[in-house]
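The values are calculated or read from the model by the stated rules, or taken from the named source; none is laboratory data. Source: prediction; values computed, not measured. Backbone-built Cβ (ideal geometry, glycine too); neighbour counts: all protein chains shown.
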Amino acid sequence: MAQRNHTKQFRLKPGKKHRMRDFDSAWDGGKATKAGAERLMVRNLERLTEAQELLWATQRYSMLIVLQAMDTAGKDGLISHVMSGLNPQGCHAFPFKQPSNEELEHDFLWRYEKVLPAHGRIGIFNRSYYEEVLVVRVHQEWLERQKLPPGPRGKKFWAQRYGDINAFERHLVHNGTVILKFFLNLSKNEQRNRLLARLEDPQKLWKFSESDLAERAHWDEYMDAYEAMLNATTTDEAPWYVIPADHKWVARWLVSEILANTIDSLDLKLPKPPKEKLAAVEEAKKVLETE
């Protein structure tokens, strides 16, 4: 299977009206075979390993990877597969659960700001500040826990949150953080199949929670929230990619390709050592060679 850049195909365009029903969650590349995609993924992982070393050596950029999806879409598996070749010293994943009491005492971005990747490092947000315009929008009663000033919670409120997020990401990009945002697009029927598989597999029962079914009951509300979020927060600086996730191998292949292509586009080069360091290197060689 010939390698192809899928970046443009799955990257949303700012200003264009996107609808959830237009995204094909079962896309598999047509003639592309699973075996061919897996071969490309192996090469992409090699490229990512090389790219991480350049990120670390140059210390000019950091990378923030945002993963959003409905339950069972495969975020955990994608992280373990796509990031398997990276040095854990320079790559950290953060799974965000419900906020703690301390986190609720601060603004909604505070707990995410604390763990942003430093220059030279890669950070992965398994769920992110986008939960604040997704799950919190579906369950607006949760806003009461955030101790916000009184006021209406209508369209203007959510537009303000979108604006805050866009400004936050714009600030990060201007200061050297490359942001890649992936929505793993899973169909409702495939989620049903995966939930059933969990219930039937003793090794996966620990993953099941009654809240999975409770949230599934809000599927249509979540799709509306995702559609509004994608349209409001896809920007040139921080694009959204809608990744078909009904086939786990497709999602892993595409994300690995987009990550590798994005880092390659930075055209990073190993820094040239200063004259003083070169002199020290030559001196060190002499010392070692005379031992």
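Table: residues versus (1) assigned to a helix (DSSP H, G or I); (2) surrounded by fewer than 20 Cβ atoms within 10 Å (Cβ to Cβ); (3) in contact with a strand residue (DSSP E or B) (Cβ under 8 Å, 6 or more places away or on another chain); (4) hydroxyl-bearing (Ser, Thr, Tyr).
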position: Trp158; (1), (2), (3), (4): yes, yes, no, no
position: Ile165; (1), (2), (3), (4): yes, no, no, no
position: Phe168; (1), (2), (3), (4): yes, yes, no, no
position: Gln191; (1), (2), (3), (4): yes, no, no, no
position: Trp206; (1), (2), (3), (4): yes, yes, no, no
position: Glu215; (1), (2), (3), (4): yes, yes, no, no
position: Met223; (1), (2), (3), (4): yes, yes, no, no
position: Thr235; (1), (2), (3), (4): no, yes, no, yes
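Residues of the stretch 262-274 that are modelled with pLDDT under 85 and surrounded by 10 or more Cβ atoms within 10 Å (Cβ to Cβ): Pro271, Pro273. None of Lys277, Lys248, Lys207 is at pLDDT below 90 and either closer than 30 Å to His139 by Cβ or under 18 Å from the mean Cα position of the chain (by Cα) (or both) except Lys207.
Output the residues belonging to the stretch 242-260 that are in a helix (DSSP H, G or I) and among the acidic types (Asp, Glu). Before the answer, list the steps.
Looking only at the stretch 242-260, we keep the residues that are in a helix (DSSP H, G or I), and these are 248-260.
Once the filter is applied, which keeps residues that are in a helix (DSSP H, G or I) and among the acidic types (Asp, Glu), the stretch 242-260 yields only Glu257.
Only a single criterion out of (1) in contact (Cβ under 8 Å) with a residue 12 or more places away in the chain; (2) part of a loop (DSSP other than H, G, I, E, B); (3) surrounded by fewer than 19 Cβ atoms within 10 Å (Cβ to Cβ) is not satisfied by Gly30, namely (1). Of all the residues in the stretch 261-291, those that are assigned to a loop (DSSP other than H, G, I, E, B) and over 30 Å from Tyr241 (Cα atoms) number 6. Taken over the stretch 176-199, the residue count meeting the criterion of being within 23 Å of Tyr226 (Cβ to Cβ) and either aromatic (Phe, Trp, Tyr) or in contact with a Lys or Arg (Cβ under 9 Å, 6 or more places away or on another chain) (or both) is 9.
Whenever a residue of the stretch 212-240 is of a type in the set (A, V, I, L, M), its partners that are in a helix (DSSP H, G or I), lying with C-beta atoms within less than 6 angstrom and at least six residues away or across chains, give the pairs Met223/Met20; Ala225/Arg137; Ala225/Val138; Met229/Val133; Ala232/Tyr162; Ala238/Glu169.
Surrounded by fewer than 20 Cβ atoms within 10 Å (Cβ to Cβ), without any contact (Cβ under 8 Å) to a residue 40 or more places away in the chain and under 22 Å from the mean Cα position of the chain (by Cα): does that describe Pro95? First the steps, then the outcome.
On the way: surrounded by fewer than 20 Cβ atoms within 10 Å (Cβ to Cβ): yes; without any contact (Cβ under 8 Å) to a residue 40 or more places away in the chain: yes; under 22 Å from the mean Cα position of the chain (by Cα): yes.
Yes.
Of the numbered criteria (1) of a type in the set (A, V, I, L, M); (2) surrounded by 16 or more Cβ atoms within 10 Å (Cβ to Cβ); (3) touching a residue at least 40 places away in the same chain (Cβ under 8 Å), the one Val136 fails is (3).
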